[in-house]
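Where a number appears in this text, it was derived from the coordinates with a stated rule and is not lab data. Model, not experiment: these values are computed from the prediction. No Cβ is skipped: glycine too gets one built from the backbone with ideal geometry, and neighbour counts run over all protein chains shown.
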Amino acid sequence: MPHNIFEADKLSIIELKFIKDQIEAPEEFSIEKIDGYHLENSLQLAFNLEEKLSKVDFKVEIKTDSKGLNLEEAIGSFHIVLIYKIENLSELTKLNEIKIVEVHPHLSNALSSITYSTSRGLLYKRMQGTVLHKFILPIIDPIKLLG
């Protein structure tokens, strides 16, 4: 695959949906006792080469850390799916000999970056007015999500 074929303007988000959108807070939970947060996330790419589509699954779990001052912690669990149309997908991917899709690194980086940054905004908005209202997904290297 040539290195100069990636063009960001040939990508478009055609669908975005929350598969899971759940915040659980114990009845006697005190926001003032939150000392920090534990974060786990994962991102998975899938491709439909014939339709020129990519599906990106992004899962996030956020758990408060009250250093034992709350009896139980609050947990936010989210699963967001974005579907992308990629006009030149055939130029950016190829099937290898064992039928696994090899993806141009600029494409996988763009899908990871766009998905993560879009999700940051969606989750920030979603958590307003909840026990997780002070949490913002940290800025990260999007390549690490693909590892």
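Tabulated values for the structure
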{"read-out": "Residue within segment 73-80 that is loosely packed, with under 15 Cβ neighbours inside 10 Å and in contact (Cβ under 8 Å) with a residue 12 or more places away in the chain present", "value": "no"}
{"read-out": "Residues located in segment 41-75, provided they are among the hydrophobic types (A, V, I, L, M, F, W, C) and either in a strand (DSSP E or B) or farther than 24 Å from Q22 by Cβ (or both)", "value": "L43, L45, A46, F47, L49, L53, V56, F58, V60, I62, I75"}
{"read-out": "The one condition in (1) touching a Phe, Trp or Tyr at 6+ places or on another chain (Cβ under 7 Å); (2) under 18 Å from R126 (Cα atoms) that S54 fails to fulfil", "value": "(2)"}
{"read-out": "Output for segment 34-52, where each listed residue is loosely packed, with under 14 Cβ neighbours inside 10 Å and out of contact with any Lys or Arg (no Cβ under 7 Å at 6 or more places or on another chain)", "value": "G36, E40, Q44, N48, E50, E51"}
{"read-out": "Residue match in segment 129-138 (condition: surrounded by 15 or more Cβ atoms within 10 Å (Cβ to Cβ), free of Cβ contacts under 8 Å to residues at least 60 places away in the same chain and not basic (K, R))", "value": "no"}
{"read-out": "Meets criteria (in contact with a strand residue (DSSP E or B) (Cβ under 7 Å, 6 or more places away or on another chain), in a loop (DSSP other than H, G, I, E, B) and under 24 Å from E40 (Cα atoms)) for L82", "value": "no"}
{"read-out": "Some residue of segment 125-142 being among the aliphatic types (A, V, I, L, M), under 19 Å from the mean Cα position of the chain (by Cα) and assigned to a helix (DSSP H, G or I)", "value": "yes"}
{"read-out": "Some residue of segment 86-104 being of a type in the set (A, V, I, L, M, F, W, C), surrounded by 14 or more Cβ atoms within 10 Å (Cβ to Cβ), touching a helix residue (DSSP H, G or I) at 6+ places or on another chain (Cβ under 9 Å) and under 23 Å from P138 (Cβ atoms)", "value": "no"}
{"read-out": "Residue pairs meeting the criteria (Cβ under 7 Å; at least 6 apart or on separate chains; first closer than 12 Å to L145 by Cβ, in segment 100-123; second part of a strand (DSSP E or B) and among the hydroxyl-bearing types (S, T, Y))", "value": "L111/S54; L111/Y84"}
